[in-house]
Amino acid sequence: MTYDVIIVGGGIQGVATAYELAKRGAGKILLLEKTILTGGSTGSCAAGIRAQFGSEFNVRLMARSLEIFEHMDEELGYSKEYLELWQGGYLVLAYSEKEFEGLKRNAEVQHRFGLDTAILSPEEVQKDFPRVNIDGVVGATYHSRDGHADPFRVTFAYAEAARKLGVEIREWAPVSEILVENGKVRGVKLQDGSEEYADRVLVTAGAWTTALLKTAGVDLPLWGEKHEILITEPWERVLGPMVISFSRGFYIQQRPHGSFIMGLPPVDPEHWYEPEAFDFSSSMDFLMRMAKEATHVLPFLRGVNVVRQWAGLYEMTPDHHHAIGPVDEVEGLWVAAGGSGHGFMFGPAMAEQLSKWMTGSSMDIDLTPLAPGRFKKGALVVEPAVVG
C-alpha cells in the first residue's frame, strides 16, 4: 500500500510526530512499531521533564515542551491526573564551586527565556527542602515547573488522538529494511517480507535507528548506552522535586503515587550499535551504588524497600543532542532520534517543530542545526547540563 509518510518507531517521538503531522494535513500516515507502543526507550525512561538545560537551543525547546505538557489535557483530551503530570520542580545540586558557577550560567540562559529558575545557597536548600542532605553541597538551582509525566499514558494519549485523525498504527510490525531506489526512499520492508511504500520515511527508532539506517546506506553516529533504574515501594509524600546532580550523576524523584524512581550512569559505558548485542540485564553493582548514593542524599530512604530494577538504552550522539531532520544521502528519508536520555521530555516540542519542517511550514524553533549531516561537518551542538 502507498502512504504519504511512514514512521518507524512507536515511542514518544514517533507517535507525537504522527499526531502533529496529521493535524497539519500531511496526508496518509502509517506508523510501524516492532513490539508495542513505548516498547523501547520511552517505556524504560524515568519520566522526568525539565527546562534546566545549559544551551540556548535546549532551553528554548524545553520551555516550549513544558507549555505543551501543561496544556496537553486540552490538546489530547486526557486529564492531567491521567497523564500523571506532576510539577514538583527539579532541584539541581552542585558539589563544587566550578559546578555551581556552571549552574548559575545555565540559569542566566533560562531566565532569558522566561523561566523562573532560583539560585539557592546550601542554607536555602536546607530550609526549603529539609529532607535533602546538604553535606558537600555548594549551591543549587531550582525550577518549580519541572517535574514528571507518565511516558506510557502520554504516548497512548498521542496515539489515540492520532488515530482519530486517521493515522494507521501497527504494533508487532518490525521493519527490516528501508527501501531506496536511485537515491530516493521508496518505503520499507517488514520482517514478514511485506512492503509498504511512501515518498517520505521518518525513522524514530531510538537506539535501533543506526542499524536500520545502514540498510539505506546511511551511517549515523548514534549508539545505545545501557542505563539502569530502580523503583521503590510507595511511601508517604515527602519529596516534591526531582533531586539530581550532573557531577555525581544521580537523579531521584518521588512519583505521584509515592514510590521513588532513581538512576545512575554506568561506570564504564559501552557503545552498543547492533540490536542483537543490546544488553538489558540488571546488575548488583548498580543496585549497591544507587543505594549508597540515594541514602546519602536522602537519608530517610534507608527504610524504603526496592521493588523493581530494570535497564534501558540512552540513544546517544557525540554532542548529546538529537539527530533530527532529512538525511543528506537519501531523498525523502528523515530521522528523529538521539535524545541522549532526554527523548521523552523533548518529544512534544520536537514533534511539533519537526512536523512543521516536514510540511513546509515555518518552525518557531529552528531545528536545522540538529540535522544529521552536522556530524560529518563537525558542527556539534554541545549541551553541558547532562546527567551521566
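Details
- Each Lys or Arg adds one and each Asp or Glu subtracts one; over the other residues with Cβ under 11 Å from the Cβ of S355, this totals +1.
- Think of each Lys and Arg Cβ as +1 and each Asp and Glu Cβ as -1; about the Cα centre, that makes the dipole of segment 42-198 roughly 260 debye.
- Pair-distance distribution of segment 31-102: all C-alpha pairs, bin width 10 Å, starting at 0; shares per bin in whole percent are 15, 33, 36, 12, 4.
- Within-10-Å neighbourhood charge of T210 [Cβ basis; K, R +1; D, E -1]: -2
- Here the contact order of segment 163-303, divided by its residue count and restricted to Cα pairs under 8 Å and six or more residues apart, works out to 17 percent.
- Cα centroid separation, segment 307-325 to segment 115-132 (Å): 29
- GNM result for the chain, Cα springs below 10 Å: residue of V238, V132, V15 fluctuating most strongly: V238
- Structure-based [θ]222 nm, the chain - -39500 (n - 2.57) summed over DSSP H runs of at least 4, per residue, nearest 500: -9000 deg cm²/dmol
- Solvent-accessible surface (1.4 angstrom probe) belonging to K104, in square angstrom, nearest 10: 60
- In summary, the lysines within cross-link reach of K356, defined as a Cα separation below 18 angstrom excluding same-chain residues under 8 places away, comprise K23, K28.
- Listed residue (A311, V8, W235) projecting farthest to the positive dipole end of the chain, Cβ model: W235
- For the chain, radius of gyration divided by Kirkwood radius, i.e. Rg to Rh on alpha-carbons: 0.97
- Multiplying the residue separation of S247 and S361 by 0.36 nm and removing their Cα-Cα distance gives an extension gain of 37.1 nm.
- Short-range pairs are left out: with C-alpha atoms under 8 Å and at least six residues apart, the relative contact order of the chain is 24 percent.
- Sum of side-chain charges, E67 neighbourhood, beta-carbon under 12 Å (Lys, Arg +1; Asp, Glu -1): -2
The values are calculated or read from the model by the stated rules, or taken from the named source; none is laboratory data. As the structure is a computational prediction, the values presented were derived from the model and not from experiment. In this analysis, Cβ positions are derived from the backbone assuming ideal geometry, glycine residues included, and neighbour counts consider all displayed protein chains. Keep in mind that these areas ignore ligands, DNA and RNA; they rest on the heavy atoms of the full protein, side chains included. Shrake-Rupley method; radii C 1.70, N 1.55, O 1.52, S 1.80 Å.
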